[in-house]
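**Q** There's a structure below that I have some questions on.
The values are calculated or read from the model by the stated rules, or taken from the named source; none is laboratory data. Note that the structure is a prediction, hence the values are computed from the model and not measured. With ideal geometry, Cβ positions are generated from the backbone for all residues, glycine too; neighbour counts draw on all protein chains shown. Accessible surface areas use protein heavy atoms only, side chains included; no ligands, DNA or RNA. Shrake-Rupley method; radii C 1.70, N 1.55, O 1.52, S 1.80 Å.
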Amino acid sequence: MSYLNRCLAALLMLLVSFTANASWDEARDAVEQASASMMTVLENEVLKQPEQPELLINEIETILNPVVDFDYVSKRVMGKYFRRVNAQQQQEFSGVFKDTMVRTFAKSLVGFDIVRYEMAPQGKPSPKVEKQIVSVYIYSSLGQQYTLVYYMLKQADGWKLVNVLVDGINLRLNFKNQFSDMVSRSGGDVKQVIADWKMAMANNSSKDS
């Protein structure tokens, strides 16, 4: 390789690295803003009262709405079964799954009894600038540390969360396995699974209230 080609290759690698770092910074900013908002909510003792869980859930939903692509996540939870139902049923599941994800996230945060958080340093650079991973360390009142790993995707309207690991637990994969198992037990009736999931969430909501 000639000297000129080596210089061009080095310049290209530098440009790619710079672009990737800039993309990670953008994704990190989106995560940090949402984390700060969640911390404010979790510091409000009124919102954490067990007799009024919907207050906290509504606040968490308000924070997650702009930064989570619920349609994207629900599609991947359905996996190969997504195209076995029509657009209306796909949207129906997206709606009920959004409720599932918000409630799961809210209960996880309250269960950890979070008192503070800090942004983790950038890990291994992503080979795709439109996909970034941002981690957050959260700490309980007892001093325990947990890690939230956010998988972020750059879209036309900003960075969106498309998966999250809660202290090592892959939420999207867990829900995908649950959906697939329900389809198997229903004899392949995807429509019935959506209806059952919706009913289960309605029952859980009524128990929480």
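**Q** For the chain, calculate the relative contact order in percent as a whole number, restricting contacts to Cα pairs under 8 Å that are 6 or more residues apart.
**A** After rounding, I find 23 percent.
**Q** Continuing with the same structure: Give the whole-number value, in cubic angstrom per residue, of the convex hull volume spanned by the C-alpha atoms of the chain.
**A** With only Cα atoms used, the chain gives 155 Å³ per residue.
**Q** How large is the charge dipole for region 115-194, taken about the Cα centre, if only the Cβ atoms of Lys, Arg (+1) and Asp, Glu (-1) carry charge, to the nearest 20 debye?
**A** For region 115-194, the charge dipole is close to 180 debye.
**Q** Rounded to a whole number, what is D in µm²/s for region 47-99 from Stokes-Einstein with the Kirkwood radius over alpha-carbon pairs (20 °C, 1.002 mPa s)?
**A** The Stokes-Einstein estimate is 172 µm²/s.
**Q** Also, I was wondering about something else. Spelling out what I want: for every residue of region 145-158, take phi, set θ = phi - 60°, compute 6.51 cos²θ - 1.76 cosθ + 1.60 (Karplus), and round to whole Hz; glycine and proline get x.
**A** 9, 10, 10, 9, 10, 9, 9, 10, 10, 7, 10, 4, 9, x
**Q** A follow-up question, please. Are there any GluC sites (Glu not before Pro) in region 32-134 that are in a DSSP loop and have at most 14 other Cβ atoms within 10 Å? List them by number.
**A** Within region 32-134, the qualifying GluC sites (Glu not before Pro) (loop, at most 14 other Cβ atoms within 10 Å) are Glu43, Glu51, Glu130.
**Q** For region 48-55, just list the computed ³J(HN,Hα) in residue order, Karplus coefficients 6.51, -1.76 and 1.60, θ = phi - 60°, integers in Hz, with x standing in for Gly and Pro.
**A** Result, ordered by residue: 9, 5, x, 7, 9, x, 5, 4 Hz.
**Q** Which lysines does Lys98 reach when only Cα atoms under 21 Å apart count, and residues fewer than 8 places away in its own chain are ignored?
**A** Qualifying lysines at Cα under 21 Å: Lys48, Lys75, Lys80, Lys107, Lys154, Lys160, Lys176, Lys191, Lys198, Lys207.
**Q** For Asp69, enumerate residues with amide H under 5 Å from its amide H, sequence gap 5+ or separate chain, H modeled in the peptide plane.
**A** Leu161
**Q** Measuring with a 1.4 Å probe in the full set of protein chains, what accessible area per residue, in whole Å², belongs to region 53-181?
**A** Spelled out: the 1.4 Å probe surface of region 53-181, per residue, equals 51 Å².
**Q** Further, regarding this structure: Name the trypsin sites (Lys or Arg not before Pro) in region 87-162 that are in a loop by DSSP and that have at most 15 other C-beta atoms within 10 Å, would you? List each step's numbers first, then the result.
**A** On the way: sites: Lys98, Arg103, Lys107, Arg116, Lys128, Lys131, Lys154, Lys160; in loops: Lys128.
When the trypsin sites (Lys or Arg not before Pro) of region 87-162 are filtered for loop state and at most 15 Cβ neighbours within 10 Å, Lys128 remain.
**Q** Could you give me D for region 98-209, from Stokes-Einstein at 25 °C and 0.890 mPa s, where the hydrodynamic radius is the Kirkwood radius over C-alpha pairs? Units µm² s⁻¹, please.
**A** Answer from the Stokes-Einstein relation: 150 µm²/s.
**Q** In deg cm²/dmol and to the nearest 500, what is the mean residue ellipticity at 222 nm of the chain if only DSSP H runs of at least 4 residues count, each as -39500 (n - 2.57), divided by the residue total?
**A** Theoretical 222 nm ellipticity from helices: -20000 deg cm²/dmol.
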